[in-house]
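Here, each number is a calculation from the coordinates, and none is a lab measurement. Everything numeric here is computed off the predicted structure, so don't read it as measured data. Using ideal geometry, Cβ is built from the backbone for each residue, glycine included, and neighbour counts are taken over all protein chains shown.
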């Protein structure tokens with residue numbers, strides 16, 4: 001019984017002295033207990049280190065928000081009489097037409113004439129030929145009887161370009177042809193000035209009907225053989241042209 005107590009006491013002492021080591025007990029001769037502690041390697045405690053990856057920084061670009069404010073104005077009242085859009089004349093055009101009128105030398109009356117017209121329009125300006133033909137004009141232009149006609153090479157300008165009603169002014173170089181009865185025909189030259197008003201009725205942007213009235217003053221500058229013709233002559237009338 002005493003031996004057992006001694007063994008327990010020895011074991012307790014060794015356990016207190018080296019808690020972290022293994023203990024070996026050997027029994028020897030009666031009454032003795034040998035306690036040995038083998039050299040056992042005890043690894044050092046491990047330290048657990050927890051690390052986190054660095055935070056990921058993301059740059060987000062956003063488009064600016066543009067706010068547009070639309071201000072709606074009240075619509076204007078419609079015109080009582082709507083007007084057609086203005087029509088522009090072509091840069092180049094051709095005039096072809098004819099008409100009827102009269103010719104007088106301020107002697108006793110006027111002779112009826114047939115009128116012909118052809119011209120090249122360059123914007124508001126026209127280069128044209130105008131003819132007034134009278135079968136019995138000499139009865140009004142001189143003391144002789146017969147016919148006469150005048151061909152005018154004219155430069156004319158139309159005002160109020162693009163409008164429907166247009167005033168026209170022109171100047172011309174005239175060639176007269178005098179045909180007295182029973183005598184040879186003769187020619188003469190002169191100058192003229194014309195004024196009038198035209199109405200343009202547009203068919204499409206490149207064509208129009210043109211109605212005009214005008215009056216022209218002619219001055220005969222050269223002498224006429226076989227007839228005594230008055231130098232001052234007035235022609236007037238109306239024409240209808242097509243512009244292409």
### Task
Would you calculate the separation in nanometres between label points at residue 238 and residue 175, each defined as 7 Å from the Cα along the Cα-to-beta-carbon direction?
3.1
#### Entry: Förster radius 35 Å - calculated FRET efficiency between residue 69 and residue 120, Cβ distance, rounded to 0.05
0.05
### Query
Counting alpha carbon pairs within less than 8 Å and at least 6 residues apart, what relative contact order, in whole percent, applies to the range 92-243?
23
## Note on the structure
PRE zone check, label point 7 Å out along Cα-to-Cβ of residue 127, amide N under 11 Å, scope the range 169-199, hits none
